[in-house]
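Following: one structure in structure tokens, then a few remarks.
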Amino acid sequence: MAKQAKSDRQKVIDDIRKKQKGAEKRRGFMIVGVCVVVALLIIGAASYRPLKNAWDLRKFNDLGLASIGAAPSVCEKVTTKTAEGNNDHIPTDTPVVYEDAPPAFGPHWNEFGVAPAPMDRKFYTDSDRPALESLVHNLEHGYTVVWYDETIAADDDALTELRAVAKKFPGTDNYRYKFIAAPWTSDDEDGATFPDGTHVAYTHWSVGGEGETDAAKQVGVWQYCSEFSGEALETFMLDYPYLDSPEPTVQ
């Protein structure tokens, strides 16, 4: 009888251990399953925005620049202001207070790899935009910079338009494609703001006409718009090409 009781107890213990092992195995599978699901969600979230951007941009593939955005009437008249700061290179990380929003000329950084921003990058958001002091150096080298404010940044359709426009200026070999779209944020403001009702600004650093060498004729050029107009930008860049700048042959 004692032997039988001992055998029964062992059977109970074995059953309990078996159940515990099964429960532990199920928990392990559940943990692995949850980790896989979380990983897939993370990968999906990371992939969603690039995939959506690519999908949204398809409709612009066959459109010319002038066909993107609003009519030129959304833009104000071009304005200019006597420019200064040509070759005024200051140490990197030294902040500059620019009087205009956004700047079209002025002192700027000149550290290799930092300024100017590389030509192969055409579109920036507020999370990765170069410093103003770098982008002013791009202006000195003949770039047209299209600035967009926080109203545009909060509008997915408006941002998609600007991403599509940036794709119209590919590569690094053709200097006619010296173009950058970059955000202008409230952190940039130091007393100067976009004119009321405008949310986009085209800027260029002009020498007063292609081939002009008299530094006194240099001007900063602005055109403000309530929304983006590809037709207005096309005219702006034809009127103020990269060759009309202090250092056009430098990337």
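The values are calculated or read from the model by the stated rules, or taken from the named source; none is laboratory data. In this text the structure is predicted, and so the values were computed from the model without any measurement. Glycine also receives a Cβ, built like all others from the backbone with ideal geometry; neighbour counts cover every protein chain displayed. Only protein heavy atoms, including side chains, enter the accessible area calculation; ligands, DNA and RNA are left aside. Shrake-Rupley method; radii C 1.70, N 1.55, O 1.52, S 1.80 Å.
What the table below lists for this structure:
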item	result
Hz values of 3J(HN,Hα) by residue in segment 163-176 - Karplus curve (6.51, -1.76, 1.60), Gly and Pro given as x	4, 5, 4, 4, 6, 7, 10, x, x, 10, 8, 8, 5, 5
Gyration tensor (alpha-carbon) shape descriptor, segment 99-251, a/c threshold 1.5	rounded
Largest to smallest accessible area among Y124, Y240 [probe 1.4 Å]	Y240, Y124
Normalised alpha carbon radius of gyration of segment 106-191 [divisor 2.2 N^0.38 Å]	1.07
For segment 80-85, Karplus couplings with θ = phi - 60° (6.51, -1.76, 1.60), whole Hz, Gly/Pro x	9, 8, 3, 9, 8, x
Rounded to the nearest 20 debye, dipole of segment 146-251 from Cβ charges on Lys, Arg, Asp, Glu	500
With every protein chain in place, segment 101-167: carbon and sulfur % of accessible area (1.4 Å)	47
Amide H contacts of K81 (H built 1.01 Å from N, under 5 Å, at least 5 apart or other chain)	G220
Contour excess over end-to-end distance, with Cα ends at V97 and E24 and 0.36 nm allotted per residue	19.9 nm
Efficiency of FRET between N61 and T151 - r from beta-carbon atoms, R0 41 angstrom, step 0.05	0.95
Solvent-accessible area of R58 with every protein chain in place, 1.4 Å probe, in Å² to the nearest 10	130
